[in-house]
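Quick note: the coordinates plus some simple rules give every number you see, no bench work behind them. Only a predicted model underlies this, so the values are computations on that prediction, with no experimental measurement involved. Neighbour counts are summed over all protein chains in view; Cβ atoms, including those assigned to glycine, are modelled from backbone coordinates with ideal geometry.
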Amino acid sequence: MRIAFEIGEPRQLRWAYNYSDDDSLATAIETFFDEIEQDGRLEQLIHRHYSHVEKFNYSDIRTFTRRIETHLPQFEALFKQASVEVGIDWRLLAAIGYQESLWNARAKSPTGVRGLMTLTLTTAKQMKVKNRLDPAQSIRGGSKYFASVLKRIPARIREPDRSWFALAAYNVGLGHVEDARARIITQSRGGDPDRWIDVKESLPLLARKKWYKKTKYGYARGWEPVKYVENIRQYFDYLTGFETKALREASESNKPKPEVAPLTPSM
């Protein structure tokens, strides 16, 4: 491995614009950043685009890259087919599958969930999955289930937060996510129940009696869905970058370009 070029020391991001005696643009930019810093939008943007990559270490990247090459090709077409059926980016569905089973079609946990998307018996029956170990059925069933959870997230919540809430609900159950979003937890602590950045701070409180005794669905290991969402965001971003690289290389070498499903929901 060789270093291609030196990026240099970390620097702050800056706006650049043409010099002019008219300073109205500079004033507008300063006003804009003052506003988004005060109303929380700046924090939200930083969290959305940077917070989940801080813990993605070299070992994670190496393992994930290897499985993209050795395991994903067996299931990519199935994820893309499910993507068309449910209207969700295939890379997000693939990221869920990797988090659930490392793309192992015969995965089984001590709690009884099985298959590539690790479906419970109840979920499998709801999604009409007869054989959880059949990767086609598992991917289709898991994708349909995630889509059904996503539809139950309030429409007023915008993407990508809406998907983050759906992922958390896929992991811990929608009831527990709603408990964390409720007035007695997130709102009572001054947070916005429609922003993942606020609710993810509340979810771990569901493991504390002081808080869960006030909720409808009770105790939950609330730190788990937080980590679950962070992991899937990492995998999704990496899959997106991996595919973009493949497209660029195919274009440069005049090879057939791999098919890319449309981004739905917007990430």
What net charge do the residues around residue 153 carry, taking every other residue with its C-beta under 14 Å from that of residue 153, with Lys and Arg at +1 and Asp and Glu at -1?
+3
Scan around residue 119 for amide H atoms under 5 Å from its own, H built in the peptide plane at 1.01 Å from N, and keep only partners 5 or more places away or cross-chain.
114
If you take the beta carbon distance between residue 63 and residue 136 as r and set R0 to 25 Å, what does 1/(1 + (r/R0)^6) give as a FRET efficiency, to the nearest 0.05?
0.50
Under the Karplus curve 6.51 cos²θ - 1.76 cosθ + 1.60, θ = phi - 60°, whole-Hz ³J(HN,Hα) for region 200-213, x wherever Gly or Pro sits:
5, 7, 8, 4, x, 5, 5, 8, 9, 4, 3, 9, 5, 5
Sequence order, region 216-230: Karplus ³J(HN,Hα) from phi using 6.51 cos²θ - 1.76 cosθ + 1.60, θ = phi - 60°, Hz rounded, Gly and Pro as x, gives 6, 9, x, 5, 7, 7, x, 6, 5, x, 5, 5, 4, 5, 4
For region 12-29, Karplus-derived ³J(HN,Hα) couplings (6.51, -1.76, 1.60; θ = phi - 60°; whole Hz; x for glycine and proline) come out as 6, 6, 9, 8, 10, 8, 5, 5, 7, 5, 7, 9, 5, 5, 4, 5, 5, 5
Using the beta-carbon distance between residue 184 and residue 31 and R0 = 35 Å, what value does 1/(1 + (r/R0)^6) give for FRET efficiency, to the nearest 0.05?
0.45
Nothing charged except the Cβ atoms of Lys and Arg (+1) and of Asp and Glu (-1): what's the magnitude of the dipole of region 83-164 about its Cα centre? Round to the nearest 20 debye.
300
Rounded FRET efficiency, nearest 0.05, which uses the C-beta distance separating residue 201 from residue 128 and R0 of 41 Å
0.65
Spelling it out for residue 103: with amide H atoms placed in the peptide plane at 1.01 Å from N, the residues 5 or more places away or on another chain with amide H under 5 Å from its amide H are 98
Within-14-Å neighbourhood charge of residue 189 [Cβ basis; K, R +1; D, E -1]
+3
Expressed in nm to one decimal, what extension gain is obtained for the pair residue 223 and residue 21 from 0.36 nm per residue of sequence separation less their Cα-Cα distance?
67.4 nm
In the structure shown, of 108/130; 108/210; 80/108, the pairs separated by more than 26 angstrom at the C-alpha atoms are 108/210
